[in-house]
1. Compare His67, His32, His97 in a GNM of the chain, Cα atoms joined below 10 Å, and give the one with the largest fluctuation.
2. Using a 1.4 Å probe, how large is the accessible area of Glu31, given in Å² and rounded to the nearest 10?
3. With runs of 4+ DSSP H residues as the only contributors, calculate the mean residue ellipticity of the chain at 222 nm using -39,500 (n - 2.57) per run, divided by the residue total and rounded to the nearest 500.
4. Enter the accessible area of Asp91 (Å², nearest 10), with the probe set to 1.4 Å and all protein chains included.
5. Once fully extended, how much extra length lies between Ser56 and Ala28, figured as 0.36 nm per residue of separation less the alpha-carbon to alpha-carbon distance?
6. Note the listed values [x] 14, 50, 32, 4; [y] 13, 47, 28, 9, 2, 0; [z] 13, 42, 27, 10, 7, 1, then indicate which one is P(r) over Cα pairs in 10 Å bins from 0, in percent calculated from this particular structure.
7. Over the chain, what relative contact order in percent results from Cα pairs under 8 Å that are six or more residues apart?
8. Trypsin sites (Lys or Arg not before Pro), restricted to the range 52-116: which are DSSP loop and have at most 12 other Cβ atoms within 10 Å?
Amino acid sequence: MITKKVIDELYKRYSKPPKGIEYLDMGALMEHASASHNLELTDNGELIINSLDQASPFSRLELSRIHAIVPFERSVAIVLPNSILFLNKKDSGVNVHFKPNPTSFVDKLKWLITRG
């Protein structure tokens, strides 16, 4: 099961992109998610997820923006700088997690002042 702790660990562990796209686990992605999501790799370095609407910002991903591909029991995670796509292995379902913006010290101070 993918918990908040697992998601936080993915962001922390894969905070930077790999040295090259050859370090991405494309084999796991294609093996587990290609059939149900009709994935395509283009010659210009894009991953196309045809199970998503073409209007979705996640339907075309530049491989250079992908930090990691991590297989799980029921899904495959595509870790991006500020989000994670979870592609279901059994069907065309997709879940997206957006990385929350950290609260700055000034924002916390403003909240404390307005709270009182």
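The values are calculated or read from the model by the stated rules, or taken from the named source; none is laboratory data. Predicted model, so just to flag it, every value in this text is computed and none were measured. When we count neighbours, we look across all protein chains shown, and the Cβ atoms used for this are built from the backbone with ideal geometry, even at glycine. The accessibility values were calculated without ligands, DNA or RNA, using every heavy atom of the protein model including side chains. Shrake-Rupley method; radii C 1.70, N 1.55, O 1.52, S 1.80 Å.
1. His97
2. 140 Å²
3. It comes out at -8500 deg cm²/dmol, rounded to the nearest 500.
4. Asp91 has an accessible surface of roughly 80 Å² with all protein chains in place.
5. 7.8 nm
6. The calculated read-out lines up with [z].
7. 21 percent
8. Here the trypsin sites (Lys or Arg not before Pro) that fit, given the DSSP loop and packing criteria, are Lys90.
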